[in-house]
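K.L.:
Structure in structure tokens, see below.
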Amino acid sequence: ALYDEHLNEREKEVAFYERQEKRNAEKLAEDPAAEIRIRPYTGKPTYLDQIWTSVITVATGFFLASLIAIPIGIVCGLSTVIYAALNPLIQTFKPVSPLAWLPLVTIIVSAVYVSDDPLFQKSFLTSAITVMLCCMWPTIINTTVGVSTIDKDLINVSRVLRLGWFTKVYKIVLPSSIPMTVSYTHLRAHETKAN
């Protein structure tokens, strides 16, 4: 029944655009200088549409969290001084619930993201940023733990070979820490969206 509803909604969408095209063509035939409006279809989202929206939102939030958290986790794992400086901040924000982040993010996005022609819907941005904030802290912690537990022999080999910092991270640190980084944070993304 849900799939049939989805197909019916898609048929309504196609019919809407066909009617719009026909109406615009008739307007242009009467007056070539007439103003043409192309309106988006605003029918209700179906179950499959909502699943797709949720997948895109969680993937976007997790991707943004990874872009920020993995480099911070690598630096924290390689430097105990930086880890000691950032750890209180991480431990403060890590237990914050998505339900606490959501109103704050909603207020900020509503105040800052003002546009006549927005690239993204505010609801999408609000949800993606909330997922990002919930995934970021566990990702930093897991990346830090994964990097700090790398076999010291590998680090010594990188010193013997005189690898640069970026080469060491790319060739040794990332491959060794990825299993620890991805394991928990992937689960946290799903848990966040479920909340």
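The values are calculated or read from the model by the stated rules, or taken from the named source; none is laboratory data. Here the structure is a predicted model, which is why all the values come from computation and not from measurement. Using ideal geometry, Cβ is built from the backbone for each residue, glycine included, and neighbour counts are taken over all protein chains shown. All accessible areas refer to the heavy atoms of the entire protein, side chains included, with ligands and DNA or RNA removed. Shrake-Rupley method; radii C 1.70, N 1.55, O 1.52, S 1.80 Å.
K.L.:
Within the chain, what is the longest stretch that has no trypsin sites (Lys or Arg not before Pro) placed in a DSSP loop and near at most 16 other beta-carbon atoms within 10 Å? Don't jump to the answer; show the numbers that get you there.
P.N.:
Values: sites that count: ARG37, ARG162.
With a cap of 16 other Cβ atoms within 10 Å, the longest stretch comes to 38-161.
K.L.:
Something else: Carbon and sulfur: what percent of the chain's accessible surface (1.4 Å probe)? All intermediate terms of the calculation are to be shown ahead of the outcome.
P.N.:
Working: 8430 of 12990 Å².
Accessible surface attributable to carbon and sulfur in the chain totals 65 percent.
K.L.:
I need the Kirkwood Rh of the range 85-131: take the reciprocal of the average 1/r across all distinct C-alpha pairs and report it in angstrom.
P.N.:
On the way: mean 1/r = 0.0833 Å⁻¹.
For the range 85-131, the Kirkwood estimate is 12.0 Å.
K.L.:
With the cut-off at 1.5 for a/c, could you classify the range 29-76 from its C-alpha gyration tensor as rounded, prolate or oblate?
P.N.:
Working: a/c = 9.05, a/b = 2.32, b/c = 3.90.
Oblate.
K.L.:
Follow-up question, since we're still on this one. Using a Förster distance of 22 angstrom, determine the FRET efficiency expected from the C-beta separation of LYS94 and ALA59, and round it to 0.05. Working shown, then result.
P.N.:
Numbers: r = 22 Å, r/R0 = 0.99.
Once the sixth-power term is evaluated, E becomes 0.50.
K.L.:
Next question, about the same structure. At q = 0.12, 0.13, 0.15 Å⁻¹, what is the log10 ratio I(q)/I(0) for the range 1-154, with the Debye formula run over Cα points and no solvent?
P.N.:
Evaluating at q = 0.12, 0.13, 0.15 Å⁻¹ gives log10 I(q)/I(0) of -0.74, -0.81, -0.93.
K.L.:
While we're on this one: Separation between the LEU48 and VAL160 pseudo-spin-labels, each 7 Å from Cα along Cα→Cβ, expressed in nm?
P.N.:
5.8 nm
K.L.:
Follow-up question, since we're still on this one. Could you give each residue of the range 26-32 its phi-based ³J(HN,Hα) in whole Hz, using Karplus coefficients 6.51, -1.76, 1.60 with θ = phi - 60°, and x for Gly or Pro?
P.N.:
For the range 26-32, the Karplus curve yields 5, 4, 5, 5, 6, 9, x Hz.
K.L.:
Report, ordered by chain and residue number, the aspartates and glutamates lying within cross-link reach of LYS122, taken as a straight Cα distance under 14 Å and ignoring same-chain residues fewer than 8 apart.
P.N.:
Filter leaves no residues.
K.L.:
Using 0.36 nm per residue, how much length does the chain from TYR170 to HIS6 gain when fully extended, once their Cα-Cα distance is taken away? It would help to have the intermediate numbers written out before the result.
P.N.:
Numbers: separation 164, 0.36 × 164 = 59.04 nm, distance 4.51 nm.
Taking TYR170 through HIS6 to full extension adds about 54.5 nm, to one decimal.
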